[in-house]
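J.: First the structure, then my questions, so here it is.
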Amino acid sequence: MQKQAHAACFLSVWLWALACHNPGDFTRLTGFNLKQSQNQCCPLDENFLDFAASCIREIAQLNPTMILFDDDLRFGHHDIGLGCCCELHLCDIESRLGGEELPKGKLTELFFCGEPNKYRSAYLDSMGDSIRNFARRMREAVDSVNPEIRHGTRMLAGCSIPTAYHASGVAGIAFGENAKYLPKQAFESGLILDMASAKILMGAGHDVGILHIGERIYPSEEHYLAESEHIHCSDVTAHRLELAEGATVQSRFVCSDGKEYPAAFTYENSEGHRFLVFAFDMLFTGETIYRNYMRQKQLVRCIEWLQRKKLPCICTGNPDLYIMCKKNGSGEYAVGLWNLSEDYIETPTIEMNGKIINANFINCLGEINESKIVLETVQPFAFAGFTARVIED
Ligand SMILES: [Zn+2]
């Protein structure tokens, strides 16, 4: 048992990309029905880009370790639905089509119906280029202050699971198109897939445990088997899956007619490649599908199975708790906890991957109990951290 306190020495900033509390004259994201978003701005608006870059430069001057963008940095997670059909984007799409004027009332049919065509390509390129340009401009803004600051986007962060970028030997996530760019070694330590990435890998000849992808289903609940809990879900479009022998269902979707279908399953193929596969597309779901305590438990359990080793640290049950963890060359762990919630966290318990020999507490007080660290209350928007030596299991 030991207690100690030190001053905080890390800073990480997490912010929305396109949201603006007072959008003023900025062009706002616009839906296919030409309805404007309440406070999401279009990344093609030069004035908004200048404004966002000036904010990022100010943040960079505070010299944070990392600037993290929320997952609103995409088209399809906003109050106006998918894509952006603002005047700037339509003008950009028209110029990509050699100046052809688009019929404003028929944009959905034009871009989404039938076989691949030049209209859809122009729409997709316009969306993609504008997001990439936003990311590039923000990176330039950071570089103009300090090129050492890292940029990232949110994924597992929402479930308080420590996330590594460009790491090897740990389970990876490949959602959607990311599956096209996986290095060979990514398969060695396990992968988490959604329907879009599973389809891509199946098309490339990988056995991910699916025999057949069936029709769409619209579940109202997810039944977590190991946890024996039912969680309400909305906004989810999934697929009815026929699984290969050896696949283990981790949770089931329940539809309004009472029928149940696989929602998440784990599978190891004959090459020893392990997968956790979700029966829905991450791009087209609301956050209820991943921001819940049962998904968090399921992810922790399945990730440890995927990578055949424990996570370095786990702290479940605290919404908006963001964790970073790093091991240095001499085997000592550094763990940072950022409580990004409006609520305090009473005695957070952090489970390490083995018996803890000693720990130093930073900006907090805590105690060691075998493989667990129990901290005193972490206030809203406060940071707590510690370093620890661990005899790994
Ligand atoms: Zn736009």
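J.: So which strands (runs of 3 or more DSSP E) are wholly in region 206-317 and hold at least 3 residues that are under 17 Å from Gly190 (Cβ atoms)? Walk me through it before giving the result.
T.: Working: elements: 210-217, 221-224, 229-232, 238-243, 248-254, 260-268, 274-278.
Passing ranges, in order: 260-268, 274-278.
J.: Sticking with this structure for a sec: Can you tell me how many residues in region 18-36 are within 14 Å of the ligand (Cβ to nearest atom) and either under 16 Å from Leu82 (Cα atoms) or not in a loop (DSSP other than H, G, I, E, B) (or both)?
T.: Total meeting the criteria: 9.
J.: If you check Ile323, Ile357, which single one turns out to be in a strand (DSSP E or B), among the β-branched types (Val, Ile, Thr) and surrounded by 21 or more Cβ atoms within 10 Å (Cβ to Cβ)?
T.: Working: Ile357 fails: surrounded by 21 or more Cβ atoms within 10 Å (Cβ to Cβ).
Testing whether each residue is in a strand (DSSP E or B), among the β-branched types (Val, Ile, Thr) and surrounded by 21 or more Cβ atoms within 10 Å (Cβ to Cβ) leaves just Ile323.
J.: Okay, moving on. Being within 14 Å of the ligand (Cβ to nearest atom), surrounded by 16 or more Cβ atoms within 10 Å (Cβ to Cβ) and part of a loop (DSSP other than H, G, I, E, B) is the filter here, so list the residues in region 75-129 that pass it.
T.: Once the filter is applied, which keeps residues that are within 14 Å of the ligand (Cβ to nearest atom), surrounded by 16 or more Cβ atoms within 10 Å (Cβ to Cβ) and part of a loop (DSSP other than H, G, I, E, B), region 75-129 yields Phe75, Ile80, Leu82, Gly83, Cys84, Cys85, Cys86, Leu102.
J.: Within region 187-214, how many residues are within 21 Å of the chain's Cα centre (by Cα) and surrounded by fewer than 18 Cβ atoms within 10 Å (Cβ to Cβ)?
T.: Looking only at that region, the number is 0.
J.: Among residues belonging to region 40-66 that are of a type in the set (A, V, I, L, M, F, W, C), at pLDDT 85 or above and not in a helix (DSSP H, G or I), point out the one that is nearest to Pro23 (Cα to Cα).
T.: Top of the filtered list is Cys41.
The values are calculated or read from the model by the stated rules, or taken from the named source; none is laboratory data. A quick note: this is a predicted structure, and the numbers were derived from the prediction, not measured. As a convention, Cβ positions derive from the backbone with ideal geometry for all residues, glycine included, and neighbour counts pool all protein chains shown.
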